[in-house]
1. Working only within the range 366-383, note down all residues that are in a strand (DSSP E or B) and in contact (Cβ under 8 Å) with a residue 40 or more places away in the chain.
2. Evaluate the following for VAL228: is it part of a strand (DSSP E or B) and more than 25 Å from ARG399 (Cα to Cα)?
3. Where residues in the range 25-53 are under 26 Å from the mean Cα position of the chain (by Cα) and of a type in the set (Ser, Thr, Tyr), which of them is surrounded by the most Cβ atoms within 10 Å (Cβ to Cβ)?
4. Restricting attention to the range 111-141, and to residues there that are within 12 Å of CYS178 (Cβ to Cβ) and part of a loop (DSSP other than H, G, I, E, B), which single residue is farthest from the ligand (Cβ to nearest atom)?
5. Please go through the range 82-110 and pick out each residue that is within 16 Å of the ligand (Cβ to nearest atom) and either of a type outside the set (A, V, I, L, M) or in contact with a Gly (Cβ under 6 Å, 6 or more places away or on another chain) (or both).
6. Which of (1) away from the ligand (no atom under 14 Å from the Cβ); (2) without any contact (Cβ under 8 Å) to a residue 24 or more places away in the chain; (3) surrounded by fewer than 17 Cβ atoms within 10 Å (Cβ to Cβ) is the odd one out, the single condition ASP164 does not satisfy?
7. Filter the range 142-168 down to residues that are in a strand (DSSP E or B) and more than 17 Å from ASP252 (Cβ to Cβ), then give me how many there are.
8. Test each condition in (1) touching a strand residue (DSSP E or B) at 6+ places or on another chain (Cβ under 6 Å); (2) under 21 Å from GLY437 (Cβ atoms) for LYS381 and report the one that comes out false.
Amino acid sequence: MSLRTYLHKLESENRLARVSVPISKMYEMAGVLKQIEPQTALFETVEESAFRVAGNLFCSKAAFAGYFGIPVDEIIPTLANAIANPTPYAVVGEAPCQAAVDLAPDLNSLPILRHCEGDGGNYISSGVFIAKHPDYGQNADFHRCMQLSPTEMAVRVVRSRHFDTFLQDCKELDVAICIGNAPNVLAAAATSVAIGVDEMMIANTLEPLTMVRAKTVDVLVPAESEFVIEGTVYLNRRSAEGPFVDLTETYDTIRQEPTLVVKAITHRRDAMWHALLPGALEHKLLMGMPREPTIFKKVNEMVRCLDVNVNPGGCSWLHAIVQIDKQHEDDGRKAIEAAFAGHGSCKHVFVVDKDINIYDPLEVEWAMATRFQGDVDLVIKERAPGSSLDPSAEAGTKRTTRLGFDLTKPLHAEGKSFDRAAFPKADLAKFGLERQG
Ligand SMILES: Cc1cc2nc3c(=O)[nH]c(=O)nc-3n(C[C@H](O)[C@H](O)[C@H](O)COP(=O)(O)O)c2cc1C
């Protein structure tokens, strides 16, 4: 299914808000999308651009799972299988994403949104970067881009990303930025796998994918993308990038980042931009969800792991809640170590037993209140490498204190009671009452 087929499906199920009233890409659209979140919307008339914009596409695991026709609890195994088994995609000579080819590109013609008052400029936030390295082959990941002029953008490249390695090695890199993609492409680009693995082969395992050679750069791009921006990123041509509201919903600072010079823009007929709100639910889903199978795998190598939730309350990046079937007294601690190994940016890990619903923050807190003793159940790692996204990490080094909370109950209770008491089941109908909540 392409993105537009998915939107047709949503519309046929009355789940798409079609907006024909003209709307501005400057603040207005971001404001509307945030207020209607998680409602998917298609803006048909953008004041500053001839193109349509779709937003709030995949704000929940239910929406993501719905696209693939799987239950939510199948997401982790489905992603884990695709990560473990990348498969070759088909390559075609002609593709919808190249229905129009503009070799005199003007970024002002695109509906590149300005999101928040304090942002440094208009930003592409949903762009999947595809780049090629002479030894490693193709890589796909996300990089936000701030528009500088009709043909230039500043690209945020976090150190040690594979794209960063490519750029450090090559100094100048031809890239294709693909916008308006189906969730197989989005989720695959958001995974972190071994360098040299082409993430589009992971996308192909999630759902068969067709790729086409870009027009002016030597990379393959998804044939069904709505837009492809082709150009070159220069490592040593630095531009000020930021401020920008990031995943944590706080402002990321201004940095000197590599500059992209655009050579061409190709797009589908009636192309549709993907507005992805920074820090909002869709951004969080795409960041956190692909880490869950990685954490699951690492934890499951040590103890019996049942489920993992990289939850929105933890910015879908800094926290992981891990559910285990505890067999040994030290399983909680082993799970904490394994979860940190499975997601290098994780700051706080909470390990719970199988009777705790990891999607209910009240239940996790209840486990902390009733099963946790700070002097024995807390793992502390001082001055560990932290996330570049964490505003509280040490400025400059991003060193942080990592904490692991073992919220599991002891296997042998020794006179203590840890199980939630159940009230008797009563026949409500007999009293003319209905169950609440
Ligand atoms: C919506 C979204 C936006 C992102 N923006 C950036 C970004 O601006 N810069 C960056 O370096 N990583 C960004 N990331 C994270 C990387 O794309 C992600 O960690 C990816 O898995 C790294 O790929 P790699 O393992 O091939 O290096 C973003 C991720 C998502 C889902």
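1. VAL379, LYS381 - these are the residues of the range 366-383 that are in a strand (DSSP E or B) and in contact (Cβ under 8 Å) with a residue 40 or more places away in the chain.
2. Details: part of a strand (DSSP E or B): yes; more than 25 Å from ARG399 (Cα to Cα): yes.
The answer is yes for VAL228.
3. THR40
4. By that ranking, first place goes to GLY127.
5. Within the range 82-110, PRO86 is the sole residue that qualifies.
6. Condition not satisfied by ASP164: (1).
7. The qualifying residues number 1.
8. Only one criterion is unmet by LYS381, namely (2).
The values are calculated or read from the model by the stated rules, or taken from the named source; none is laboratory data. All values reported here derive from a predicted model rather than from experimental measurement. Here Cβ is always computed from backbone atoms with ideal geometry, including for glycine, and neighbour counts include all displayed protein chains.
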